[in-house]
Amino acid sequence: MKILVLGADGYLGWPTMMHFAKKGHQVLGVDDYSRRQIAMQTSSEALMPNPNLEERVKIFNEISGHNIACRVGDLKDFRLFESVFSTFSPDAVIHYAEQPSAPYSLKGYEEAHYTLKNNLEVTHNLIWAVMKFAPKCHIVKLGTMGEYGTPNIDIEEGWLDIEHKGRKHKFLYPRQAGSLYHTTKVLDTDLIWFYVRTFNLRVTDLMQGPVYGLSTPETDLDQRLLPNFHYDDIFGTLVNRFLVQAVAKVPLTVYGKGGQIRGYLNLNDTLQCVDLAASNPAEEGELRIFNQLTETFSVNELAEKVKKVGDQMGLGVDIKPIENPRKEAEDHYYNPAHTGLLDLGLEPHYLTDDVLASMLEQVLNYKEAIDASKIMPRVKWNN
Ligand SMILES: NC(=O)c1ccc[n+]([C@@H]2O[C@H](COP(=O)([O-])OP(=O)(O)OC[C@H]3O[C@@H](n4cnc5c(N)ncnc54)[C@H](O)[C@@H]3O)[C@@H](O)[C@H]2O)c1
């Protein structure tokens, strides 16, 4: 297949590029380096130094003998899409190119406006590029489990059958996100659904939980191919943050009561999921939604897991609840369905003690680079 990866310089985009190349596909990635710029502006740089996309593509091609390609540019500009689609007509597009930080999206007006504009415009441009240049192309869009929020009923995979006054209809599952960033993902889904039902696009929307890890068969080829591993309050996902806090001997920062439950997955499983989605495309006129997670944990459970393994490694890990900077339920029901990707063949990598220990070992190699001032929450929306 010809695979186009949008957001190719990102935490997920870069390992995805290498994964599809290794599977024998023709791969082109696009990125505007906005995450790198935001990280610099907010003092949220990644733990390891990461060569930029063009440099990494060169390094990977030299080491592996593959021939992946990249373009640097802003996908808010439709002319970039026109240029990309006129030279590389993709069979599938993996769309990661959004501003993904909830705290950043609530930092101030400029950041909120940028997040709204960036995320919706890139999605809208992609839809139009596919309609104009490659109408059979399958869009694999990264959504988030955060679209659903934490409802007091089971979370289905994207759709819900409703019976009202004796009549039935199937609707998108009701969504109520907890940040502006997550709300842009809800709006993306609504936008996509309009175009799918009106213009017969084929789309898979992957409602992904927080991802952890920094090792895949391809990132292990060379230190310079590692993904961008963030541990700060802006870009760091929870498990990655706790791992670095354990190594830095900073007590694990549990927000509020710590009863917040989410669905997590290993970076390797993200690669499997997008691959399974791309290899088994949605039908024309279908918006297919999968919940992309492998297991659920509360914040307290994760903190205890990291503490247990860290203590076994002699790190002496403490846990310290702090005031929750977010407005969110801290003690709630959570039961998301997630069978769709398993039915397609997903073989989960679970968060075992061995997995945690190997991630801690990797972080220990970069212990000197940890900047503890990036750890405590700097953005608040708890009223
Ligand atoms: N990482 C997770 O745990 C997680 C969980 C759920 C959903 N997601 C979703 O997966 C996607 C990828 O997440 P990530 O963690 O890799 O984020 P990331 O910020 O590391 O990667 C996104 C990439 O997109 C690029 N980008 C953003 N706007 C762009 C534009 N206008 N033009 C070109 N490039 C642009 C950024 O520079 C960045 O490199 C996001 O859509 C995110 O919402 C991620």
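Think of the chain as a dipole: +1 on every Lys or Arg Cβ, -1 on every Asp or Glu Cβ, centred on the Cα centre; then among V250, H338, T150, T150 lies furthest on the positive end.
Exceedance of the 22 Å cut-off in Cα-Cα distance is limited, within the set K22/K136; K2/K170; K107/K374; K76/K185, to K22/K136; K2/K170.
M313 exposes around 60 Å² of accessible area when a 1.4 Å probe is run over every protein chain in place. The apolar share of the surface of the chain, taken as the fraction of accessible area on carbon and sulfur atoms (1.4 Å probe, ligands and nucleic acids excluded), comes to 51 percent.
Extension gain for K320-S86 works out to 78.9 nm (0.36 nm per residue, less the C-alpha to C-alpha distance).
Between D222 and S279, the modelled label-to-label distance comes to 2.7 nm, taking each label 7 Å out from Cα in the direction of the beta carbon. When the chain is treated as a GNM with alpha-carbon contacts under 10 Å, the residue of E163, E62, E368 showing the greatest mean-square fluctuation is E163. The C-alpha radius of gyration of region 34-156, expressed as a fraction of 2.2 N^0.38 Å, stands at 1.25.
Expressed in Å, the radius of gyration and Dmax of the Cα atoms of region 200-275 are 15.1, 53. Quick one: compute the contact order of region 226-358, relative version, from alpha carbon pairs under 8 angstrom and 6+ residues apart, as a percent. For region 226-358, the relative contact order is 37 percent.
Solvent-accessible area per residue in region 82-167 equals 43 Å², computed with a 1.4 angstrom probe and all protein chains kept. Amide H to amide H, with H built 1.01 Å from N, R202 comes under 5 Å of I139, G285, counting only residues 5 or more places away or on other chains. Using alpha carbon centroids, what distance separates region 169-243 and region 259-279, in Å? First find each Cα centre; the distance between them is then 9 Å. Once both labels are positioned 7 Å from their Cα atoms along Cα-to-Cβ, the gap between S358 and N382 label points is 3.6 nm. A Förster distance of 22 Å, applied to the separation of the beta-carbon atoms of A248 and Q41, puts the FRET efficiency at 0.45.
Only residues of region 1-34 count here: report those whose backbone N is under 19 Å from the spot 7 Å along Cα→Cβ of K136, or say none. The answer is 1-4, 25-27, whose backbone nitrogens lie closer than 19 Å to the label point. The calculated Kirkwood hydrodynamic radius for region 270-325 is 15.1 Å, given to one decimal from all distinct C-alpha pairs.
Estimated from helices alone, the mean residue ellipticity of the chain at 222 nm is -11500 deg cm²/dmol (sum of -39500 (n - 2.57) over DSSP H runs with n ≥ 4, per residue).
Name all residues of region 180-203 having a backbone nitrogen under 17 Å from the label point set 7 Å from the Cα of F171 along its Cα→Cβ direction, giving them as ranges. Flagged as within label range: 186-187, 189-191, 193-194. Here the chain yields Rg over Rh of 0.95, to two decimals, using C-alpha coordinates and the Kirkwood radius. If you build a Gaussian network model of the chain, linking Cα atoms that sit under 10 Å apart, which residue out of L47, L126, L191 swings the most? Looking only at L47, L126, L191, the biggest GNM fluctuation is shown by L191. Work out the FRET efficiency for K23 and D190 from their Cβ-Cβ distance, taking R0 = 35 Å, and round it to the nearest 0.05. The formula returns an efficiency of 0.60 here. Listed values for region 227-236 are Karplus-derived 3J(HN,Hα) couplings in whole Hz (6.51 cos²θ - 1.76 cosθ + 1.60, θ = phi - 60°), namely x, 6, 9, 9, 10, 8, 6, 8, 9, x, and x replaces Gly and Pro. Compared with the direct C-alpha span, the chain from D74 to D371 gains 103.9 nm at full extension, assuming 0.36 nm per residue. Computed from the C-beta positions of Y350 and K117 and an R0 of 30 Å, the FRET efficiency is 0.20 to the nearest 0.05.
In percent, rounded to a whole number, the relative contact order of the chain is 20, using alpha-carbon pairs under 8 Å and six or more apart. Over region 1-76, Cα pairs under 8 Å with separation of 6+ residues give a relative contact order of 35 percent. Cross-link reach is defined here as a Cα-Cα straight distance under 16 Å, omitting same-chain residues fewer than 8 places apart; for K257 the lysines meeting it are K320, K327. Note on the chain: GNM, Cα springs under 10 Å; of G149, G310, G73, the largest mean-square fluctuation is that of G73. Pairs of C-alpha atoms in region 85-125 farther apart than 13 Å represent 59 percent of all such pairs.
Taken along the Cα-to-beta-carbon direction at a fixed 7 Å, the label points for I162 and K257 span 2.9 nm.
The values are calculated or read from the model by the stated rules, or taken from the named source; none is laboratory data. Predicted model only: the values in this text are computed from it and were never measured. Glycine gets a Cβ as well: all are built from the backbone with ideal geometry, and neighbour counts include every protein chain shown. The accessibility values were calculated without ligands, DNA or RNA, using every heavy atom of the protein model including side chains. Shrake-Rupley method; radii C 1.70, N 1.55, O 1.52, S 1.80 Å.
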